[in-house]
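The values are calculated or read from the model by the stated rules, or taken from the named source; none is laboratory data. The shown structure was predicted, so the numbers you read here are calculated from the model rather than taken from an experiment. Every residue, glycine as well, gets a Cβ built from its backbone with ideal geometry; the counts of neighbours run over all protein chains shown. Surface accessibility is based on the protein's heavy atoms, side chains included, excluding ligands, DNA and RNA. Shrake-Rupley method; radii C 1.70, N 1.55, O 1.52, S 1.80 Å.
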Amino acid sequence: MKTFGMLALAVAMALGASLAGAQDPAPTQEAAPAPEPAGEAASPPPAATGYRDLRRITLLQGDAAAGKAKSELCAACHGAAGISIAPNFPNLAGQRAEYLYWELVEYQSGAMPESAMTPLAASLSDQDMRDLARYYASLPAGRAPASEEAPAPDAALLAQGRQLFMDGEPGKGLPPCQGCHGADAGGHPLASRVDREGHAPWAAYPALRGQNAIYLQLRLNAFRTGQLHHSTNDFVMAGVGQRLDDDAISALSAWLAAQGP
């Protein structure tokens, strides 16, 4: 299983590189600067031309206690404990700090579609974003309790979602999701590993288990329709999204949402 997962990662990364080249024949890579001391995460690259190379980020440093003090506005949508109050918002608790930080950078740079997050992110300093990311990463992962009125997930749909996540669909060129997000959907198993240049190439792959199904559907549709195209992760996911139909998106989202934290 581990060998197959790493093979899938290689396929996904190759797909991402191919898509990057197709979109930007000679891109100016907005990679993180050279590694900073003590594993400090790189400052946000300028949002000019090219794309952000999230394979060249460094591990994030931040102050979780300071992040908690800054999280009051976030709690209005994402809950006091990082568990969202509505199914179209993501749960933040227990998420990778590097993923959360670079998502905030994308919102602040205008790379994300306009949303309620746009003005909120615009008001944050770089240190604010680091501290908030570290705070939510420090919280125990969880999910909102299922509504008593909600029907139980369809068993066949869940089985389809699991198979897509674990095995992909070779006939459609769809790699297994576990290659980047881990066999348990908790993030890449090498997320904390640093390479010889001080980069953490797998740190920005998010954990998906226990995430809200509606949020996952919205996100996968955004990749499928080309709304997200500003980082190496976007290039990989755009290629995946283009190979997913409505049924596959529903199945994957339902299975991931059904996984416990």
**Asked** Is there a residue being in a helix (DSSP H, G or I) and either closer than 19 Å to Ala204 by Cβ or open to solvent by less than 30 Å² (accessible area, probe 1.4 Å) (or both) anywhere in the range 80-88?
**Response** no
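Matching residues to (1) open to solvent by 10 Å² or more (accessible area, probe 1.4 Å); (2) under 20 Å from Ile249 (Cα atoms):
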position: Arg134; (1), (2): yes, no
position: Phe165; (1), (2): no, yes
position: Gly171; (1), (2): yes, yes
position: Gly179; (1), (2): no, yes
position: Asp195; (1), (2): yes, no
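In the set Arg134, Arg162, which member is within 17 Å of Gln211 (Cβ to Cβ) and assigned to a helix (DSSP H, G or I)? Reasoning before the result, please.
Numbers: Arg134 fails: within 17 Å of Gln211 (Cβ to Cβ).
It is Arg162.
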**Request:** Confirm whether Arg243 is touching a residue at least 24 places away in the same chain (Cβ under 8 Å), of a type in the set (D, E, K, R) and either outside any helix (DSSP H, G or I) or open to solvent by 40 Å² or more (accessible area, probe 1.4 Å) (or both).
**Result:** yes
**Complete:** Just one listed residue, out of Leu92, Leu60, Leu100, Leu104, is touching an Asp or Glu at 6+ places or on another chain (Cβ under 7 Å) and either outside any helix (DSSP H, G or I) or at pLDDT 95 or above (or both), and it is Leu60
**Request:** Go over the candidates Asp195, Asp167 one by one and state the one that is free of Cβ contacts under 8 Å to residues at least 24 places away in the same chain, under 25 Å from Arg52 (Cβ atoms) and not hydrophobic (A, V, I, L, M, F, W, C).
**Result:** Asp195
**Asked** Restricting the search to the range 197-212, which residues are small (Gly, Ala, Ser) and surrounded by fewer than 19 Cβ atoms within 10 Å (Cβ to Cβ)?
**Response** Gly198
**Prompt:** Considering only the range 215-240, how many residues are open to solvent by 10 Å² or more (accessible area, probe 1.4 Å) and in contact with a strand residue (DSSP E or B) (Cβ under 9 Å, 6 or more places away or on another chain)?
**Reply:** 6
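Rundown of residues vs (1) over 20 Å from Asn88 (Cα atoms); (2) basic (Lys, Arg), yes/no style:
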| position | (1), (2) |
| --- | --- |
| Tyr99 | no, no |
| Glu103 | no, no |
| Glu114 | no, no |
| Met117 | no, no |
| Gln127 | yes, no |
| Arg134 | yes, yes |
| Ala141 | no, no |
| Asp154 | yes, no |
